[in-house]
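Enquirer: Here you go, one structure.
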Amino acid sequence: MDSYGQFALVYDRLMADMPYEKWLDFANAAWERYDVAPRSVVDLGCGTGTIAIPLAKQGMQVTGIDLADAMLTIAREKEQDAGRLAGSVQWVCQDMRQWEVPEQVDTVISFCDCINYVTEPEDVRLVFQQTAKQLRSGGLFMLDMHHVRQFEYYAQEQPFALDEGDVAYIWHSEYDESRHEIEHQLAIFAEDPLSGKYNRIDETHIQRAYDTDWIIGELLAAGFAHIDVYGDFEWEEPGPDTSRLFLIAIKK
């Protein structure tokens, strides 16, 4: 739940191969499948705005919420570079457990495994309760989470390394099987374009996987009437090889 700090400066570069287009396609397909035409959307854990800004281009009124102010600073710069938006976007620095907006919204999204970063069950419960409060009746909450098998994969395959000349990293992971929790330790080296020297950025990120049935139960308890679960960007039930779970919850 902590701010990413200096990591924000290299975040987009290191995340360039993430399937952002798939997340956008999934959201748009979900609105069509569930017969929802949202005008107002909250992107919970929006990072540098890579999903929020395209949604604003589509004409939606988007609020990007993140705890890392440094990430939001870059999101504002990207918004300026994006040019004229058919909709609007605003950036708010808030905790996922306590977030709020002036009026209830049509949809809340929380993609790129943001919920896995909430590492205590009581805090997940708070996120769901607050999200239900901020959604209109019939509104959608769309989120994704890493399945525990993805953490097992990280633990088995680590360490990971990247070297692209001006940016590089060494990434180690330690897995706590009893908590289904993984700690990622990254040493990132980024070249200063002015001096040519390399700055080292040390990052620790902790994620936790949760039982799907428990997540569904907490969503229902928070005030959602119906929850569907899909796997790996597909409109199919999760299978034995699913690494990323998608949940769509409908507010009562």
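Enquirer: Determine which single condition M60 fails, assuming it passes every other condition in (1) at pLDDT 95 or above; (2) within 19 Å of F7 (Cα to Cα); (3) not basic (K, R).
Expert: The failed condition is (2).
Okay, residues lined up against (1) among the polar types (S, T, N, Q); (2) over 20 Å from the mean Cα position of the chain (by Cα):
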site	(1), (2)
F160	no, yes
D163	no, yes
V167	no, yes
S195	yes, yes
N199	yes, yes
T212	yes, no
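Enquirer: Which count do you get for residues in region 124-177 that are surrounded by fewer than 18 Cβ atoms within 10 Å (Cβ to Cβ) and within 30 Å of G196 (Cβ to Cβ)?
Expert: Within region 124-177, residues that are surrounded by fewer than 18 Cβ atoms within 10 Å (Cβ to Cβ) and within 30 Å of G196 (Cβ to Cβ) number 12.
Enquirer: Please find, within region 23-52, the residue that is farthest from P102 (Cα to Cα) out of those that are surrounded by fewer than 21 Cβ atoms within 10 Å (Cβ to Cβ) and among the aliphatic types (A, V, I, L, M).
Expert: A29
Enquirer: Additional query: From the list D43, D66, D17, exactly one residue is closer than 29 Å to E203 by Cβ and either modelled with pLDDT under 95 or not acidic (D, E) (or both). Which is it?
Expert: Details: D43 fails: either modelled with pLDDT under 95 or not acidic (D, E) (or both); D66 fails: either modelled with pLDDT under 95 or not acidic (D, E) (or both).
Among D43, D66, D17, only D17 is closer than 29 Å to E203 by Cβ and either modelled with pLDDT under 95 or not acidic (D, E) (or both).
Enquirer: Would region 110-120 turn up any residue that is touching a His at 6+ places or on another chain (Cβ under 7 Å) and touching a residue at least 12 places away in the same chain (Cβ under 8 Å)? Working first, answer last.
Expert: In the first step, residues of region 110-120 are kept if they are touching a His at 6+ places or on another chain (Cβ under 7 Å); the result is 113, 116.
Now narrow it down to the ones that are touching a residue at least 12 places away in the same chain (Cβ under 8 Å): 113, 116.
Taking every residue of region 110-120 in turn, at least one turns out to be touching a His at 6+ places or on another chain (Cβ under 7 Å) and touching a residue at least 12 places away in the same chain (Cβ under 8 Å).
Enquirer: For T107, work out the one condition from (1) under 21 Å from the mean Cα position of the chain (by Cα); (2) outside any strand (DSSP E or B) it doesn't fulfil.
Expert: So T107 meets the others, but not (2).
Enquirer: Condition check: of a type in the set (V, I, T) and assigned by TED's automatic domain parsing to the domain that holds D113. Does V167 satisfy that?
Expert: Numbers: of a type in the set (V, I, T): yes; assigned by TED's automatic domain parsing to the domain that holds D113: no.
No; evaluated as a whole, the condition is false for this residue.
Enquirer: Same structure again: Could you check, for region 63-77, whether at least one of its residues is part of a loop (DSSP other than H, G, I, E, B), of a type in the set (S, T, Y), in the same structural domain as L245 (by TED's automatic domain parsing) and surrounded by 17 or more Cβ atoms within 10 Å (Cβ to Cβ)? Steps first, please.
Expert: Keep residues of region 63-77 that are part of a loop (DSSP other than H, G, I, E, B), which gives 67-68.
Narrowing further to those that are of a type in the set (S, T, Y): none.
No, region 63-77 contains no residue that is part of a loop (DSSP other than H, G, I, E, B), of a type in the set (S, T, Y), in the same structural domain as L245 (by TED's automatic domain parsing) and surrounded by 17 or more Cβ atoms within 10 Å (Cβ to Cβ).
Enquirer: Okay, moving on. Going through R76, R84, R39, R13 one at a time, which residue ends up being among the basic types (K, R) and closer than 27 Å to Q129 by Cβ?
Expert: Details: R76 fails: closer than 27 Å to Q129 by Cβ; R84 fails: closer than 27 Å to Q129 by Cβ; R13 fails: closer than 27 Å to Q129 by Cβ.
So the residue among R76, R84, R39, R13 that is among the basic types (K, R) and closer than 27 Å to Q129 by Cβ is R39.
Enquirer: Name the pairs: first residue in region 204-225 and polar (S, T, N, Q), second residue assigned to a helix (DSSP H, G or I) and surrounded by 15 or more Cβ atoms within 10 Å (Cβ to Cβ), Cβ to Cβ under 8 Å, at least 6 apart or on different chains?
Expert: Cβ pairs passing all conditions: Q207/N116; Q207/Y117; Q207/F151.
Enquirer: Do you know which of the residues in region 19-41 that are touching a helix residue (DSSP H, G or I) at 6+ places or on another chain (Cβ under 7 Å) and of a type in the set (A, V, I, L, M, F, W, C) is nearest to C112 (Cα to Cα)?
Expert: Among those that are touching a helix residue (DSSP H, G or I) at 6+ places or on another chain (Cβ under 7 Å) and of a type in the set (A, V, I, L, M, F, W, C), it is L24.
Enquirer: Restricting region 226-240 to residues that are in a loop (DSSP other than H, G, I, E, B) and touching a residue at least 24 places away in the same chain (Cβ under 8 Å), which is farthest from H146 (Cα to Cα)?
Expert: Within region 226-240, the subset in a loop (DSSP other than H, G, I, E, B) is 232-233, 235-240.
Now restrict to residues that are touching a residue at least 24 places away in the same chain (Cβ under 8 Å): 233, 235, 238.
Working: F233: 12, W235: 17, P238: 12 Å.
Selected residue: W235.
The values are calculated or read from the model by the stated rules, or taken from the named source; none is laboratory data. Please read all numbers here as calculations on a predicted model, not as lab measurements. Heads up, the Cβs are rebuilt from the backbone with ideal geometry, glycines too, and the neighbour counts pull from every protein chain shown.
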